[in-house]
Amino acid sequence: MIMSVKGAVGGEELGRTLVHEHIIISLPGEELDPLYLPDRREIIAIATDRLQELRDHGVSTIVDPCPIELGRDPELYATVSEKSGVNIIFATGFYHEQLGIPAYWRARSAEEIADFYLHEISQGVGKTGLRPGVIKAATGTVVTDTERKILAGAAIAQKQAGIAIITHTEHSLHGEVQQDIFAANGADLSRILIGHQDEQVMADPIIKLAERGTFVGIDRVGIEALAPDERRADIVAALLRQGHTHRICLSQDCVCTMSAARFPFPTPPDFTMTPAEYIKKNKPLSYVLTGFSALLKDRGVTEQQLDIIFRNNPRRLLTGEA
């Protein structure tokens with residue numbers, strides 16, 4: 001069983017699952033912008049439409065591993081899940097130090113961080129009563145001492161709660177460091193997904209991660225500003241040839257919409273689109289199941305292997321069921 005915003009869900013109920021998608025991302029400080037006027041009803045409508053598109057392609061469940069400080073909103077997820085008919089599993093856990101980890105929690109010990117995560121897992125987030133089903137963990141381009149402590153806290157909490165950890169790696173770096181920290185703190189490596197391995201230029205570093213027993217995420221499919229999908233497809237095919245079908249998870253790190261009035265980085269002077277308008281131009285949320293899966297089939301990947309990747313592997317990661 002795993003906790004979703006609708007309550008506990010059995011492994012057989014998860015169905016086809018995308019393990020790394022987002023309903024919304026909000027960066028700290030955007031609410032101070034005088035142009036900030038988010039319309040919650042519109043956000044719900046957009047996210048519902050996009051998840052219904054997934055449902056039409058046979059997806060029953062998504063995991064939204066948004067970290068706490070990047071706009072995690074369990075009540076929003078619950079509304080979208082109810083309207084779309086798609087299970088949503090959300091996370092407890094902080095992001096990497098460059099963009100996250102509030103000052104108060106930077107001062108806490110790994111054990112205190114674990115206690116906080118465990119409180120949310122068992123009691124729910126704030127007064128919502130909604131309980132996370134996974135733990136998020138992250139590292140930046142350099143693994144800082146604070147990030148090491150946060151990862152240790154995630155491992156301690158995972159060991160006690162028996163739920164999955166889903167990670168962010170910046171530019172596909174330091175997956176092996178994450179594994180070392182998790183193992184040193186007693187985590188179950190078979191319930192961990194080392195995420196964002198898409199920017200590797202060859203399969204060998206990902207194979208080493210999989211050989212150690214974790215899942216690996218090719219989970220930014222469609223974001224070709226980071227890596228070409230042709231190369232992603234080549235890497236997935238190589239992983240399968242090396243016998244790691246049961247360690248791969250595919251997803252897109254897609255954001256249904258954003259509430260920010262402006263991008264959190266410089267844009268050209270003549271660029272006038274809001275983040276939400278820009279997102280509308282992105283590939284559809286079903287792309288990993290259509291266009292990208294077609295690239296995999298061109299490389300000899302079978303329907304049976306895709307079924308393992310989209311059904312069996314998420315179930316094993318999220319519930320521990322065989």
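Give me the pairs, please: first residue somewhere in the range 294-322 and polar (S, T, N, Q), second residue anywhere and assigned to a helix (DSSP H, G or I) and modelled with pLDDT of 95 or more, beta-carbon distance under 7 Å, and either six or more positions apart or on two chains.
As it stands, the answer is Q305/L240; Q305/T245; N313/H246, since those pairs meet every condition given.
Yes/no matrix, rows are residues, columns are (1) under 17 Å from the mean Cα position of the chain (by Cα); (2) closer than 21 Å to L318 by Cα:
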site	(1), (2)
I68	yes, yes
Y77	yes, yes
V86	yes, yes
T92	yes, yes
Q98	no, no
Y104	no, no
A114	no, yes
R131	yes, yes
I135	yes, yes
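Among the residues of the range 36-53, is there at least one that is touching a residue at least 24 places away in the same chain (Cβ under 8 Å), over 16 Å from C256 (Cβ atoms) and surrounded by fewer than 22 Cβ atoms within 10 Å (Cβ to Cβ)?
Yes, there is a match, as at least one residue in the range 36-53 is touching a residue at least 24 places away in the same chain (Cβ under 8 Å), over 16 Å from C256 (Cβ atoms) and surrounded by fewer than 22 Cβ atoms within 10 Å (Cβ to Cβ).
I need every pair where a residue in the range 275-286 that is under 17 Å from Q52 (Cβ atoms) has its Cβ under 7 Å from the Cβ of a residue that is at pLDDT below 85, sequence separation at least 6 or different chains.
That search, which allows pairs on different chains as well, returns nothing.
Exactly one condition in (1) more than 30 Å from D49 (Cα to Cα); (2) of a type outside the set (V, I, T); (3) modelled with pLDDT of 95 or more is not met by K136; state its number.
(1)
Considering only the range 50-105, state which residues are of a type in the set (A, V, I, L, M, F, W, C) and closer than 14 Å to A138 by Cβ.
Of everything in the range 50-105, those that are of a type in the set (A, V, I, L, M, F, W, C) and closer than 14 Å to A138 by Cβ turn out to be C66, I68, L70, A91, F94, L99, I101, W105.
I'd like to check which strands (runs of 3 or more DSSP E) are fully inside the range 185-299 and have at least 2 residues that are farther than 26 Å from I43 by Cα.
So the answer is 192-194, 215-218, 248-250.
The values are calculated or read from the model by the stated rules, or taken from the named source; none is laboratory data. These numbers come from a predicted model, not from an experiment. Positions of Cβ are generated from backbone atoms using ideal geometry, with glycine treated the same way; all protein chains shown enter the neighbour counts.
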